[in-house]
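Trainee: Sharing a structure with you now.
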């Protein structure tokens, strides 16, 4: 989709002391779907997907996690942990009055979704997990992210000039390219804090906690990218008891050539909608991630 895509609503809410941005697509009465972006990216990376789901009648909400997009950008690494990001997802649901929602995301967004499902399983109707980053992929991700973290820390003046030049470029036609441009154009202190916090904090819920996720899940994996190891996606399919799997041709296929994958995603969502809502398990409560 090359034409500009605009949400029906752009707004903010407060989570603790921080102001977080979100945008909404689709009709107010539609089944809610909440999508989360990848690390350093923003809601732009999911706009094409949101527009397609909204055209099918879903109410799609895109969140800018703390430090990303239009949200507040603290420069303390301690504020940027995956479990804190998951709490922000649940906080947005509270703000919007959503008792339950289909939650999903790409890369960091996928593991944030997994974490939210372990913190509050009764709030999650189904999961869309695109390119999850777990035990197999973390070393490769660290090999890519740690040099970037060091570079923005020790070469701040040079990177700040680079970021300023990027911000002056015209808006890209593809939303996902715009999201990547915004990621690289962030202030170096913010980039360092996000990368440091995510890599040091708990990256993914434990295997024991993952095995307790009972909601329907659709996992999308792809090969030839060690940062999003296909082995992680396949192992997660084995670990979750109610899971379907799609093999993408690349990280960008769903956003640039969705004709093959999107019909299968929509069919999964239709099956989720047809299922009878089950009551929350007795004794379920929000717990801290371990």
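Trainee: Look through the range 201-232, keep the residues that are free of Cβ contacts under 8 Å to residues at least 60 places away in the same chain and assigned to a helix (DSSP H, G or I), and return whichever of them is farthest from residue 142 (Cα to Cα).
Mentor: 208
Trainee: Let me ask you something else. Please work out which one of (1) modelled with pLDDT of 95 or more; (2) under 13 Å from the mean Cα position of the chain (by Cα); (3) not in a strand (DSSP E or B) is the condition residue 94 fails and give its number.
Mentor: It fails just one condition, (2).
Trainee: In the range 167-200, how many are farther than 30 Å from residue 263 by Cβ and either assigned to a helix (DSSP H, G or I) or under 17 Å from the mean Cα position of the chain (by Cα) (or both)?
Mentor: From the range 167-200, those farther than 30 Å from residue 263 by Cβ are 167-170, 184-200; that's our starting set.
With the extra rule that they be either assigned to a helix (DSSP H, G or I) or under 17 Å from the mean Cα position of the chain (by Cα) (or both), the set shrinks to 167, 184, 188-200.
Within the range 167-200, residues that are farther than 30 Å from residue 263 by Cβ and either assigned to a helix (DSSP H, G or I) or under 17 Å from the mean Cα position of the chain (by Cα) (or both) number 15.
Trainee: Follow-up question, since we're still on this one. Could you figure out which of (1) out of contact with any strand residue (DSSP E or B) (no Cβ under 7 Å at 6 or more places or on another chain); (2) at pLDDT 90 or above isn't true of residue 136?
Mentor: So residue 136 meets the others, but not (2).
Trainee: Can I ask one more? Criterion first (part of a loop (DSSP other than H, G, I, E, B), touching a helix residue (DSSP H, G or I) at 6+ places or on another chain (Cβ under 8 Å), buried (at least 24 other Cβ atoms within 10 Å of the Cβ) and free of Cβ contacts under 8 Å to residues at least 60 places away in the same chain) does residue 66 satisfy it? Spell out the reasoning first.
Mentor: Numbers: part of a loop (DSSP other than H, G, I, E, B): yes; touching a helix residue (DSSP H, G or I) at 6+ places or on another chain (Cβ under 8 Å): yes; buried (at least 24 other Cβ atoms within 10 Å of the Cβ): yes; free of Cβ contacts under 8 Å to residues at least 60 places away in the same chain: yes.
The answer is yes for residue 66.
Trainee: Quick check on residue 226: is it in contact with a helix residue (DSSP H, G or I) (Cβ under 7 Å, 6 or more places away or on another chain), under 23 Å from residue 68 (Cα atoms) and surrounded by fewer than 20 Cβ atoms within 10 Å (Cβ to Cβ)?
Mentor: On the way: in contact with a helix residue (DSSP H, G or I) (Cβ under 7 Å, 6 or more places away or on another chain): yes; under 23 Å from residue 68 (Cα atoms): no; surrounded by fewer than 20 Cβ atoms within 10 Å (Cβ to Cβ): yes.
Answer is no for this residue.
Trainee: Checking residue 156 against (1) within 19 Å of residue 41 (Cα to Cα); (2) surrounded by fewer than 21 Cβ atoms within 10 Å (Cβ to Cβ); (3) over 21 Å from the mean Cα position of the chain (by Cα), which single condition isn't satisfied?
Mentor: Among (1) within 19 Å of residue 41 (Cα to Cα); (2) surrounded by fewer than 21 Cβ atoms within 10 Å (Cβ to Cβ); (3) over 21 Å from the mean Cα position of the chain (by Cα), residue 156 violates only (1).
Trainee: I'm told residue 133 meets every condition in (1) under 26 Å from residue 48 (Cβ atoms); (2) in contact (Cβ under 8 Å) with a residue 24 or more places away in the chain; (3) surrounded by fewer than 20 Cβ atoms within 10 Å (Cβ to Cβ) except one. Can you identify the failing condition by its number?
Mentor: (3)
Trainee: Could you say whether any residue in the range 82-90 is on the phi < 0 side of the Ramachandran plot and in a loop (DSSP other than H, G, I, E, B)? Break it down stepwise before answering.
Mentor: Looking only at the range 82-90, we keep the residues that are on the phi < 0 side of the Ramachandran plot, and these are 82-90.
This time we only want the ones that are in a loop (DSSP other than H, G, I, E, B), so: none.
Checking the range 82-90: not a single residue is on the phi < 0 side of the Ramachandran plot and in a loop (DSSP other than H, G, I, E, B).
The values are calculated or read from the model by the stated rules, or taken from the named source; none is laboratory data. Please read all numbers here as calculations on a predicted model, not as lab measurements. Here Cβ is always computed from backbone atoms with ideal geometry, including for glycine, and neighbour counts include all displayed protein chains.
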